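Participant: Starting off with a structure, shown below.
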Amino acid sequence: MDPIEYFIDITADVCPLTFVKTKLLLERMPSGAMATVRLRGVQPLDNVPRSVRAHGHDVISLLPEDAQSASDPRLAHILIVRRR
């Protein structure tokens, strides 16, 4: 049986709603489950991973969605988190 995949796209949202939506997703997930969070913007790229860690969850990776995104926080990035 394949594990359930969790995904949220918060690219259209602004802080603090970006973390609120991410936190609500994490609360619905079982311990050990992984989620993919699509986000963009300087504040979400800084605040969401920091807040995920502060709430005791693991940040697995934060990478640009594509090569152009690497130098531009206005473009989408992909955050992978594991619920504790």
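Every number here is computed from the coordinates shown, using simple stated rules; none is lab data. All of these numbers come straight from a predicted model, not from anything done at the bench. Methodologically, a virtual Cβ is constructed for each residue, glycine included, from the backbone with ideal geometry; neighbour enumeration extends over all protein chains shown.
Participant: Pairing the Cα long axis of helix 42-54 with the longest principal axis of the chain, what angle in degrees results, from 0 to 90 and rounded to the nearest 10?
Facilitator: Once rounded, one gets 20 degrees.
Participant: When the chain is modelled as a GNM with alpha-carbon springs shorter than 10 Å, which of Ser31, Ser51, Ser71 fluctuates the most?
Facilitator: Answer for the Gaussian network model of the chain: Ser71.
Participant: Compute and list, largest first, the equivalent-ellipsoid semi-axes of the stretch 6-82 from the alpha carbon gyration tensor, each √(5λ) rounded to a whole angstrom.
Facilitator: 19, 13, 10
Participant: Write out the GluC sites (Glu not before Pro) in the stretch 1-68 meeting two conditions: DSSP loop, and at most 10 other Cβ atoms within 10 Å of their Cβ.
Facilitator: Counting only loop positions with at most 10 other Cβ atoms within 10 Å, the GluC sites (Glu not before Pro) in the stretch 1-68 are Glu5.
Participant: Something else now. With +1 on each Lys and Arg Cβ and -1 on each Asp and Glu Cβ, and nothing else charged, work out how big the dipole of the stretch 6-82 is about its Cα centre, in Debye to the nearest 20.
Facilitator: Using Cβ point charges on Lys, Arg, Asp and Glu, the stretch 6-82 gives about 220 debye.
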